[in-house]
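The values are calculated or read from the model by the stated rules, or taken from the named source; none is laboratory data. Everything quoted here is computed from the prediction, not taken from an experiment. Don't worry about glycine lacking a Cβ; one is built from the backbone with ideal geometry, like all the others, and counts go over all protein chains shown.
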Ligand SMILES: [Cu+2]
């Protein structure tokens, strides 16, 4: 029994070290989030190994021998003091780094640009501010086929907003971005594993986080909150571009006024296309 416990402890550590299931290479400034996870791995790993090895030691050291009797010791103030103190220290060491990272996570740099991500069963849409650098007002009651994100037609700053419906989101590398999250129906969660950042999207609320993409590439966006039968298929793509590629992509995008004025194409065409399939 003791030998099996020793093998479980050593095997768990070995599996952790050579595990094929590790994080995808990071693509944002949130290295701190990896560090807090590593601290948690160290502390919980150490405690796990210590407890299992201690049990193995006790099984061996105090194994049954004829004539030996167990001592009965229901109280031990000194030992309880030590265990309480060490447990408190371990829990604090796991929580404190998380609080520090959280404080940074919700403190958006002043020069961050904004992008809105809108979730609905079971797709992603995006909105970028137009030339005025501001996102216009939006409300659920404005939603129509020509206005899938419900932008306020009366709001001047909404008219030049860039609406990306059913396509990839592009972001420039190396520039901080504040991500504003909205949901049209149920709770979703926007998650790009490489960015190490995610947040629930709650109908009636605008939640947010910020990050800086640190390398170019195409990254899968997942819905990370079970949101209905097609939750598994709620995928998107975020493409991080160098500045020139980003500019040329941006130039090709349609603004809200263009979208609203256009023929009954856009989303309708996509939907009927989808139904045909
Ligand atoms: Cu979802």
Residues 130, 98: which one is in a loop (DSSP other than H, G, I, E, B), away from the ligand (no atom under 16 Å from the Cβ) and in contact (Cβ under 8 Å) with a residue 60 or more places away in the chain?
130
Filtering region 114-127 down to residues that are surrounded by 20 or more Cβ atoms within 10 Å (Cβ to Cβ) and more than 13 Å from the ligand (Cβ to nearest atom) yields 115, 116, 126, 127
Residue hits (region 200-220; in contact with a helix residue (DSSP H, G or I) (Cβ under 9 Å, 6 or more places away or on another chain) and either in a strand (DSSP E or B) or within 11 Å of the ligand (Cβ to nearest atom) (or both)) are 209, 210, 211, 213, 217, 219, 220
Restrict the check to region 224-235 and report whether at least one residue is part of a strand (DSSP E or B) and crowded, with 18+ Cβ neighbours inside 10 Å.
no
Can you confirm whether region 245-254 contains a residue that is without any contact (Cβ under 8 Å) to a residue 60 or more places away in the chain and within 12 Å of the ligand (Cβ to nearest atom)?
no
Of everything in region 150-171, what is without any contact (Cβ under 8 Å) to a residue 60 or more places away in the chain, touching a helix residue (DSSP H, G or I) at 6+ places or on another chain (Cβ under 8 Å) and under 14 Å from residue 118 (Cα atoms)? Give them in sequence order.
150
Output the qualifying pairs, or none if there are none: Cβ atoms under 9 angstrom, residues six or more apart or on different chains, first residue in region 24-35 and not assigned by TED's automatic domain parsing to the domain that holds residue 97, second residue buried (at least 21 other Cβ atoms within 10 Å of the Cβ) and outside any loop (DSSP other than H, G, I, E, B).
none
How many residues, within region 16-31, are surrounded by 11 or more Cβ atoms within 10 Å (Cβ to Cβ) and more than 14 Å from the chain's Cα centre (by Cα)?
1
Of the residues in region 246-277, those that are at pLDDT 50 or above, within 16 Å of residue 164 (Cβ to Cβ) and assigned to a helix (DSSP H, G or I) come to 246, 247, 248, 249, 250, 251, 256, 257, 258, 259, 260
Residue check for residue 37: out of contact with any strand residue (DSSP E or B) (no Cβ under 6 Å at 6 or more places or on another chain), under 26 Å from residue 219 (Cα atoms) and in a helix (DSSP H, G or I)
yes
Return only the number of the condition from (1) more than 18 Å from residue 135 (Cα to Cα); (2) within 14 Å of the ligand (Cβ to nearest atom); (3) assigned to a strand (DSSP E or B) that residue 182 does not satisfy.
(1)
Can you tell me which of (1) at positive phi; (2) in a helix (DSSP H, G or I) is the one residue 157 doesn't meet?
(1)
